[in-house]
Structure formats: structure tokens, C-alpha cells
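The values are calculated or read from the model by the stated rules, or taken from the named source; none is laboratory data. Fair warning: this is a prediction, and the values are worked out from it, not measured in the lab. Backbone-built Cβ (ideal geometry, glycine too); neighbour counts: all protein chains shown. Ligands, DNA and RNA are stripped out before the accessible areas are found, and what is left, the full protein with its side chains, is counted by its heavy atoms. Shrake-Rupley method; radii C 1.70, N 1.55, O 1.52, S 1.80 Å.
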Amino acid sequence: MTKTPAVEERASRPRGGLQQVLLPGDSFQLDYREVIAAFGTVKSIRWAVWETYPYYEVFTDEKTVNLDASVREGFREFRLDEEMIRQSVREAYGLEAVFSVELIREYDTDYFALPRKNLPLPVYRVILQDGLNTRYYYNPETLSRQQVDDNSRLRRFLYRGLHSLHIKFLTDRPVLWNIVMYTLLIGGTFLSLTGVVLSFRWWLRKIRKLFRIQIRSKNL
């Protein structure tokens, strides 16, 4: 039997929004029992909120579906649109904030695929005119949000860029990324082995020198 979510869960499960909002229970107009009857194999339903928008996260055996809970009849997938994102940014940064919103279908310098990990497209890109060159990337289907600014760019370059070669020029060219990565790995392994050999030879010379000194002392 499917476990019914508690009413208290209605309050605070935002995904991707910039702030938490408590909504009254009657904001969820869609009857969850109708959802269970329509989907059939529902494992659980989660009462969730994105900013001031209520929705249900419906978990089935095959997938997770977000349904708009603000409508009483019919099942409408809950997705983010440009106006919802604009409203969210204004609430977070104020009405005077200068920014742009665009639905992008290709990767850019801050949002791009990584080796063995493709980030989803399309996404909404928000570019803020602030001192940190802040950008947000909103996935309209999963409601996830990724923030990038000058500080995170620097951290990403120092760690993921230099350590894992997560640089867009290389990740856009998987063959070149593999060539550079394996060349560096082989080169690093060779340098390590060279260091071990040189250290071994140094200790061998020290041991031979010690034996020669001991033999000379005995002959004296």
C-alpha cells in the first residue's frame, strides 16, 4: 500500500529556488489520491515547493514526475518558465537587479559537458550584472539550479581544470582530452619511476661507501 505523505511535508521542499517559502495546505489543489489512481504504480508522493509554486514529486518504479499541484483538475507537468525564473531572481536580488534570461540549447564556457558526464540541455541561463559575474543555470524539467561566479570559476580551474583537465576546449574534443590526459599520466608515471631509480642508486652508493670505510678500518 502506498504511504501517504504527511501534511506537514507541504511546507518546505524547494528545488532550485533561491529561498524557502511556507505555503498553506490549500495551495495544493490537485488531489493526490487522483494522482495515485491515474499512475497506478506510485511508490510515494512528496509535497514540494519551488519558490511560491506548489507541486508534487511523484515517484514510480520507472521515473520521477513533477506535477503542478496548483490546478484542481488534470495532470500538468510542472516546469520552469522564463517568467518564473525572472520573478525568483528579482525576489533574491531586488527589483533593481540587472540581469538577462535566455534558454540555451548549447553549452557555454561555464556550463559544459564533462568526460563521461553530459549535463542536460536546454537550460535557462541567468546572467547577473554584479561584481562577481554571477550566472545561474536552471533546468526547467528537474528544477535543479547551478550557480557560477568568479570565486567558483577560480576554484574549478585550480582543482578540476588542472587536476582533471575539465577545460571546455578539451572536453569539447574527447579524443584530444584522452590524448592529453594519458600523456600526462604516462609522463607522471615515468617521472615517479625515475625518482625511485635515482633514489635507489643514491642509497646503493651510500651503502657501498659505508662498506668500503668499514673494510679500510679493519685493514688498519
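Dividing the Cα radius of gyration by the Kirkwood radius, what Rg/Rh value follows for the range 50-193?
Working: Rg = 19.6 Å, Rh = 18.0 Å.
When Rh is taken as the Kirkwood radius, the ratio is 1.09.
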Item checked: Ranking by accessible area, most exposed first, for R156, R205 with a 1.4 Å probe -> R205, R156
Check: Among 47-60, 30-43, 136-149, 118-131, how do they line up from the highest to the lowest mean number of other beta-carbon atoms within 10 Å?
Finding: 47-60, 136-149, 118-131, 30-43
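Please state the relative contact order of the range 106-159 as a whole percent: Cα pairs under 8 Å, 6+ residues apart? Mind dumping the intermediate values first?
Working: 58 pairs, mean separation 13.0, N = 54.
Reported relative contact order: 24 percent.
Tally Lys and Arg at +1 and Asp and Glu at -1 over the other residues with C-beta under 13 Å from the C-beta of E106: what net charge comes out? The partial results should precede the final answer.
Numbers: positive: R105, R125, K168; negative: E102, D108, D110, D172.
For residues surrounding E106, the net value is -1.
Among rounded, prolate and oblate, which fits the range 60-103 when a ≥ b ≥ c are the square roots of the eigenvalues of its C-alpha gyration tensor, a/c under 1.5 means rounded, and a/b larger than b/c means prolate?
On the way: a/c = 3.27, a/b = 2.29, b/c = 1.43.
Prolate, because a/c is 1.5 or more and a/b exceeds b/c.
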